[in-house]
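The structure appears right after this line, and notes come after that.
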Amino acid sequence: MKINDTLSGLALLALSLLILYTVSSYPVIPGQNIGPGAFPGLLAGLLALCSVLLIRKGLKAKKHEDWVVIGGWVKSWFHLRNFLITVGCLFFYIYLSDYLGFIICGTILLAVMFAALEVRAKAILPIALIVTLVIHFIFYKGLRVPLPWGLLMPIQW
Amino acid sequence: MTTAVLLQAFWLVFDPYVLLVILCSALFGLFVGAIPGLSATMATALLVPITFFMPPVPAIAAIVTATAMAIFSGDIPGALLRIPGTPASAAYTDEAYQMTLKGQAEIALGAGLLFSAIGGLFGTIVMVLFSPALAEIALKFSSFEYFWLVVLGLAGAVFIGNTSVLKACISLLLGLLIACIGLENPAGHLRFTFGMKELMSGVELIPMMVGMFAVSELLRYITNMDPPPMIATEKIGNIFAGMWGLLKKYPWALLRGSALGTIIGIQPGSGADMASWLSYAMSKKFSKEPEKFGTGHVEGIVESGAANNSSLAGAWIPAIVFGIPGDSITAIAIGVLYLKNMNPGPMIFINNPENIYAIFLVFILANIIMVPLGWLTVKLATKILRVKRNILMPIILMFCIVGSFSINNSVWGVTLILFFGVVSFIFEENGFPVAPAILGVVLGTMMEENFVTSMIKSDGDPLVFFTRPIAMWLAISTIVILLWPVGTWAYDRIKNGPAPEPSQ
């Protein structure tokens, strides 16, 4: 997916203006000429300048390209689906790992990813479970990371 | 260098635990480098959450060893599949593949291995000889000089070797702005936290790096539509045969590559990729038989294979002495040093010299064990290249998740890898390089501190930035680098008339 530089430039310009606006309300330190807003303000100013240049460049290129080119992997259902599944898996982990616990969550996540990437059906669950248990062992026992037990709390080891 | 300190460093390195860490990270680095699509930077990013649990010396040893190995083993898929395992091998991938087609895979890989090790040792010697002296000078630096050094480093990251300077600039500014998030600024004022308490102490470096360099690479693998590559040859002979002859035939190429690589490594912002491209070009220019380049000629591999490994050591010189990373790998390593309260800078040579000498020793050790372990990897190469990537990649994703979780035992880390992974993936798809951003994040705090301190010292008079002698020289070199592209663009324009599409 290729976005024309004009659009990226506009987004960045908006971001830098937003930063400049936020920074303008930062307090001034009495007796000093430089407060907490000075450095980010300077950066945002430079970013705004770069965004304007990028917009100019994008408009020049616009003559022979579209605003957004949907090409390559976005057009291939298989690749787009897998991209969404990967991102979805991370969301799944973020929201459900505490409730389900690491072992259940990790096994499901790996199994889904394996299935998406077309690992042999019979191998999916065993590999997912073994890998999860090995990772659990390394981090929970070895490095003492308190991975959540979740639903498996009653049988924790 | 007193013997007592050296002895202490020996004890630090030749400890069974540290040696085990070195061995494991060497094997890990060789494996990751040999898999196309997994780069040396990714190897580092994946290691960092584990090093979080180690004392400083083994933590740094793990990173140093893994990267040195990964940079070499990136040559293996280059020679056998025509896909560089790491970007640093890209310069001579075609050359190595041509040699494989001619039945000389073992010469290509042997040259890659042996001259990588020699280049790495060369860079290490330069580092050992020069960094203590440089640290002496650095002790005299004040906030003005440091400010310019940081700007010089960042300018290097933006202006050297990037296709779009403008986009690199934007990436850098965004990195610097990320560094502004949180409470840790000279005024102690809470900035850009959007009311999230997780952001109060700033964005954690490790999950950010894992997101930028591991998750984004995973996404790139998942969306990669190239057909699976074919292995060009099954049999690889003795890779050390004929190496002595090459050494005698191309001593100058080896020396030139190592020296150029070290220099490029020292220059902040340009790393192994750059070193191998430039020295390959240089090798062709100085060669007696430039017409053979590209047809399976070993000379370029000798020179740029040495260059990319020597640049690794070179990149550590500014990293240790000034705390300014020479490439994205040392940027990650500096992040680790800060976490270990082993803040890089000239004071480390006075306060913890044994740690510095331990790092030197690790470099030497890593480049020596690279030879036998590299030989082993080449032996197993055809098997490693057949590792099912559709099984490997989800496992790496799982490691990213657990690694980022373990930094402060909350899913906030996982949220960060998701955010930075997707953002850097989209950025790279649109031609924004990611390396300047990570340099910006790592250097942002230091830059602001020195900027603010200098401004307060000078009562707001920016001219003071130019009046101290060293500061002035640093300022001049920075400005020259900044104006270089503008200058060449203007020169082209005057010489050839207005260009239809001026490159930014």
Being crowded, with 17+ Cβ neighbours inside 10 Å and more than 30 Å from B:VAL215 (Cα to Cα) is the filter; apply it to the range B:434-467 and report the residue that is farthest from the other protein chains (Cβ to nearest Cβ).
-> B:PHE465
Here the qualifying pairs (Cβ atoms under 6 Å; residues six or more apart or on different chains; first in the range A:143-157 and closer than 12 Å to A:GLY101 by Cβ; second charged (D, E, K, R)) come out as A:PRO148/A:ASP98
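Which residues, taken from the range B:166-184, are part of a loop (DSSP other than H, G, I, E, B) and surrounded by fewer than 22 Cβ atoms within 10 Å (Cβ to Cβ)?
First, pick out the residues of the range B:166-184 that are part of a loop (DSSP other than H, G, I, E, B): B:181, B:183-184.
If the condition is that a residue be part of a loop (DSSP other than H, G, I, E, B) and surrounded by fewer than 22 Cβ atoms within 10 Å (Cβ to Cβ), then B:LEU183, B:GLU184 are the ones that fit.
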So, in the range B:401-411, of the ones that are part of a helix (DSSP H, G or I) and among the hydroxyl-bearing types (Ser, Thr, Tyr), which residue ends up farthest from B:PRO84 (Cα to Cα)?
-> B:SER406
Out of all the residues in the range B:128-150, is one or more crowded, with 23+ Cβ neighbours inside 10 Å, more than 21 Å from B:PRO344 (Cα to Cα) and more than 10 Å from every other protein chain (Cβ to nearest Cβ)?
-> no
Restricting the range B:196-234 to residues that are surrounded by fewer than 16 Cβ atoms within 10 Å (Cβ to Cβ) and without any contact (Cβ under 8 Å) to a residue 60 or more places away in the chain, the one nearest to the other protein chains (Cβ to nearest Cβ) turns out to be B:MET225
Find the residue count for the range B:272-312, including only residues that are within 22 Å of the chain's Cα centre (by Cα), of a type in the set (Asp, Glu) and at pLDDT below 90.
-> 1
Would you mind finding the one in B:ILE83, B:ILE60, B:ILE50 that is closer than 21 Å to B:ILE334 by Cα, of a type in the set (Val, Ile, Thr) and in contact with a helix residue (DSSP H, G or I) (Cβ under 6 Å, 6 or more places away or on another chain)?
-> B:ILE60
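Rundown of residues vs (1) within 14 Å of chain A (Cβ to nearest Cβ); (2) touching a helix residue (DSSP H, G or I) at 6+ places or on another chain (Cβ under 9 Å); (3) β-branched (Val, Ile, Thr), yes/no style:
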position	(1), (2), (3)
B:MET99	no, yes, no
B:ALA168	yes, yes, no
B:ILE178	yes, yes, yes
B:PRO186	yes, yes, no
B:PHE194	yes, no, no
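Listed residues A:THR86, A:THR132; which is at the interface with chain B (Cβ under 8 Å from one of its Cβ atoms), over 22 Å from the mean Cα position of the chain (by Cα), surrounded by 14 or more Cβ atoms within 10 Å (Cβ to Cβ) and assigned to a helix (DSSP H, G or I)? Full working, then the answer.
Details: A:THR86 fails: over 22 Å from the mean Cα position of the chain (by Cα).
Result: A:THR132 is the single residue among A:THR86, A:THR132 that is at the interface with chain B (Cβ under 8 Å from one of its Cβ atoms), over 22 Å from the mean Cα position of the chain (by Cα), surrounded by 14 or more Cβ atoms within 10 Å (Cβ to Cβ) and assigned to a helix (DSSP H, G or I).
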State yes or no: is B:MET69 under 21 Å from B:SER276 (Cβ atoms) and in contact with a His (Cβ under 9 Å, 6 or more places away or on another chain)?
-> no
Six or more apart or on different chains, Cβ under 8 Å: which pairs go from a residue in the range B:127-139 that's over 12 Å from B:ILE320 (Cα atoms) and part of a helix (DSSP H, G or I) to one that's modelled with pLDDT under 90 and not hydroxyl-bearing (Ser, Thr, Tyr)? Could you list them?
-> B:GLU136/B:PRO346
B:GLY431 at the interface with chain A (Cβ under 10 Å from one of its Cβ atoms), over 29 Å from A:TYR95 (Cβ atoms) and surrounded by 23 or more Cβ atoms within 10 Å (Cβ to Cβ) | no
Please state which one of B:SER304, B:SER258, B:SER279 is small (Gly, Ala, Ser) and touching a Leu at 6+ places or on another chain (Cβ under 7 Å).
-> B:SER279
Output the residues belonging to the range B:325-363 that are buried (at least 24 other Cβ atoms within 10 Å of the Cβ) and in a loop (DSSP other than H, G, I, E, B).
-> B:PRO325, B:GLY326, B:ASP327
Would you please list the contacts, defined by Cβ atoms under 7 Å and residues six or more apart or on different chains, that run from a residue in the range B:302-324 that is part of a helix (DSSP H, G or I) to a residue that is acidic (Asp, Glu) and modelled with pLDDT under 90?
-> B:GLY305/B:ASP75; B:ALA315/B:ASP327
Note on A:SER97: of the conditions (1) more than 7 Å from chain B (Cβ to nearest Cβ); (2) more than 30 Å from B:MET225 (Cβ to Cβ); (3) of a type in the set (S, T, N, Q), unmet is (1)
Mind checking which pairs have a first residue in the range A:60-78 that is at positive phi and a second that is not basic (Lys, Arg), Cβ under 9 Å, 6 or more apart or different chains?
-> A:GLY72/A:MET1; A:GLY72/A:HIS79; A:GLY72/B:THR223; A:GLY72/B:MET225; A:GLY72/B:GLU429
Restricted to the range B:1-28, and to residues that are closer than 25 Å to B:ASN343 by Cα and of a type outside the set (A, V, I, L, M, F, W, C), which residue is surrounded by the most Cβ atoms within 10 Å (Cβ to Cβ)?
-> B:SER25
Matching entry among B:MET393, B:MET398 (being part of a helix (DSSP H, G or I) and touching a residue at least 12 places away in the same chain (Cβ under 8 Å)) | B:MET393
Is it fair to say B:ALA34 is buried (at least 24 other Cβ atoms within 10 Å of the Cβ) and either over 19 Å from the mean Cα position of the chain (by Cα) or under 20 Å from B:SER216 (Cβ atoms) (or both)?
-> no
Taking into account only those residues within the range A:115-129 that are farther than 12 Å from B:MET398 by Cα, of a type in the set (Gly, Ala, Ser) and within 9 Å of another protein chain (Cβ to nearest Cβ), which is surrounded by the fewest Cβ atoms within 10 Å (Cβ to Cβ)?
-> A:ALA123
For B:ALA366, are the conditions met, namely being within 19 Å of B:MET42 (Cβ to Cβ) and either crowded, with 24+ Cβ neighbours inside 10 Å or under 14 Å from the mean Cα position of the chain (by Cα) (or both)?
-> yes
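The values are calculated or read from the model by the stated rules, or taken from the named source; none is laboratory data. Every value quoted in this text rests on a predicted model; they were computed, and no experiment measured them. Don't worry about glycine lacking a Cβ; one is built from the backbone with ideal geometry, like all the others, and counts go over all protein chains shown.
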